[in-house]
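This report concerns only the one structure given below.
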Amino acid sequence: MLTLFHSPHSRSSAIVALIDEMGIQDWVEIREVTIPRMDGSGGRDPANPHPEGKVPVLVHDGHVITERAAIILHLTSLFPDSGMAPAVGTPEWGVFAMWLAWYQGVLEPTFIMDAAGVSHPWLTAAVRDHQTAVARLRAALDKGPWILGERYSAADLLLHAPYAWFPEATPEDPVLRDWIDRCLARPARARVLDRDRSRMQAA
Ligand SMILES: N[C@@H](CCC(=O)N[C@@H](CS)C(=O)NCC(=O)O)C(=O)O
């Protein structure tokens, strides 16, 4: 049994989009929970098994899995024919896992630090800064059109996410802009946005 705990219009929307891209809707039950929102609405949901009350959470036979990168690795490994990741155990899978881990450990933290105007030599030493992260992302797209080369994968789905939420933060680089536009044009994304919108209106 696989259950995704999701809150519309949040980080868990990326996992709903992944489920759609993979065509595994019949295998993963999506349960909606509330989270505290920046505008003061919402609140922690007692039905949410996340230890910090966040989303997404995937529960697999009672095992609680948090963090988008881990959820992506788990789902794409469970459903290897979904076409959203290279085959487990290949060098390409290692690179795929690297980009997901780099997203969680470097790209998103530097994005948030940059947006918050926070800078400190310890942070730069340990995580680098957003400009350096963007340069690495840009270099990865030299071959393109996707992060892993010819095929769209869950790495693209996760890595473009901050720029989908905050388009004004999109780097001034045509290659990055085109890649983000290609990610934004995925039909699965439009379906998830519609789904989230109708759920929020109904709430
Ligand atoms: N590192 C986590 C972050 C999850 C996260 O921060 N989720 C936000 C939703 S956008 C949340 O649940 N916030 C509610 C809260 O902070 O209590 C991931 O990538 O999955």
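Using 0.36 nm per residue, how much length does the chain from residue 26 to residue 165 gain when fully extended, once their Cα-Cα distance is taken away? Full extension of this stretch gives 47.3 nm more. The slack in the chain from residue 78 to residue 116, taken as 0.36 nm per residue of separation less the alpha-carbon distance, amounts to 10.0 nm.
A simple spin-label model places pseudo-atoms 7 Å from Cα toward Cβ; at residue 200 and residue 132 they are separated by 3.5 nm.
Using a simple spin-label model with pseudo-atoms 7 Å out from Cα toward Cβ, residue 191 and residue 173 lie 3.1 nm apart. Taking every alpha-carbon pair within the chain, the share separated by more than 21 Å comes to 55 percent. Beta bridges assigned by DSSP with both partners in the chain are antiparallel in approximately 65 percent of cases.
Values in this text are rule-based calculations from the coordinates and carry no lab data. Since the structure is predicted, the reported quantities are computational estimates derived from the model, not experimental observations. Positions of Cβ are backbone-derived with ideal geometry, glycine not excepted, and every protein chain shown enters the neighbour counts.
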